Amino acid sequence: HELRTPLTNIRLFVEEALEYCEKDPTAVSRCLNVINDESQRLDRSVAEILSVSQIEAGSFEVKRDDVHVDEMLQKLKVDHEAQAKEKRIAYEFDLPPKLPTFQGDRDKIALALHNLVGNALKYTLDGGRVVVSAQVEKTRLSVSVTDTGLGIGPEEIEKVFEKFYRSKNPMAATVKGSGLGLPIAREIARLHGGDILLESELGKGSTFTLILPVAEEKA
């Protein structure tokens, strides 16, 4: 389902764009935006599947490069705006004026953050709120994703990080997902020497916090 849905949407909107290519430029532009969004969604799903294969084979490794946190969070915001707008969710970013650049695997960290935000939006009902915030404390970067969604009971706090686990909450049963996003996100965090923490209350929402070590800036 995670692969079939974006592929189906891409095909449908390509057909619509071709139909309106000469007579309605606005419709074509809308179609191209949807195709772009669905292509990125498909890319993330494929990355998840590859990551699981690498984890099981013991070959899941990080490649160190410059990670510009401000740029990464800005892209994160843009990539999920359409999803938030569709559900009328208030999608907000509360960031400090300066964010660090550190050494890490840029693509894998981006995948972890996309999984956290994507989950928050999926499990938040229409008209809810999702806030992404960041905090820097000397040698530690924390990025928190807080939602007003379904929430998670105390008995499931650790289980949601298990591969393929799906919540037993009846309201969550209708939400489509692979059950891979959170396990992969935590694996990425731990490979960087960090972790993902979860605070949640059933019926009130959750906060997932990605913690990563960063080098202390020299004065």
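Nothing in this text is a laboratory measurement; each read-out follows from the coordinates by a stated rule. Computed from a predicted model, the values in this text were never measured in an experiment. Glycine also receives a Cβ, built like all others from the backbone with ideal geometry; neighbour counts cover every protein chain displayed.
Of note:
- GNM result for the chain, Cα springs below 10 Å: residue of Thr148, Thr101, Thr26 fluctuating most strongly: Thr26
- Of the residues Ile152, Gly104, Ile89, the one whose Cα sits farthest towards the positive end of the charge dipole of the chain is Ile152 (charges of +1 on Lys and Arg Cβ, -1 on Asp and Glu Cβ, taken about the Cα centre).
- Counting only alpha carbon atoms, the long axis of helix 106-122 and the longest principal axis of the chain meet at about 70°.
- Helix content alone sets the calculated 222 nm mean residue ellipticity of the chain: runs of n ≥ 4 DSSP H residues at -39500 (n - 2.57) each, divided across all residues, give -15000 deg cm²/dmol.
- Spin-label model, Leu7/Phe93: points 7 Å from Cα along the beta carbon direction are separated by 3.2 nm.
- For the chain, averaging the sequence separation of C-alpha pairs within contact (under 8 Å, six or more residues apart) and dividing by the residue count gives a relative contact order of 19 percent.
- Straight-line reach from Lys138: taking Cα to Cα under 16 Å and skipping same-chain neighbours fewer than 8 places apart, the aspartates and glutamates in range are Glu216, Glu217.
- Across the stretch 103-150 the C-alpha pair distances fall into 10 Å bins from zero in the proportions 24, 46, 25, 5 percent.
- Both the radius of gyration and Dmax for the chain are 18.2, 59 Å, in that order, over alpha-carbon atoms.
- In straight-distance terms, cross-link reach from Lys63 covers every one of the lysines whose alpha-carbon lies under 17 Å from its own, apart from those fewer than eight places away in the same chain; here that gives Lys108.
- For Lys85, the lysines whose Cα falls under 23 Å of its own Cα, not counting residues fewer than eight places away in the same chain, are Lys75, Lys77, Lys122, Lys176, Lys204.
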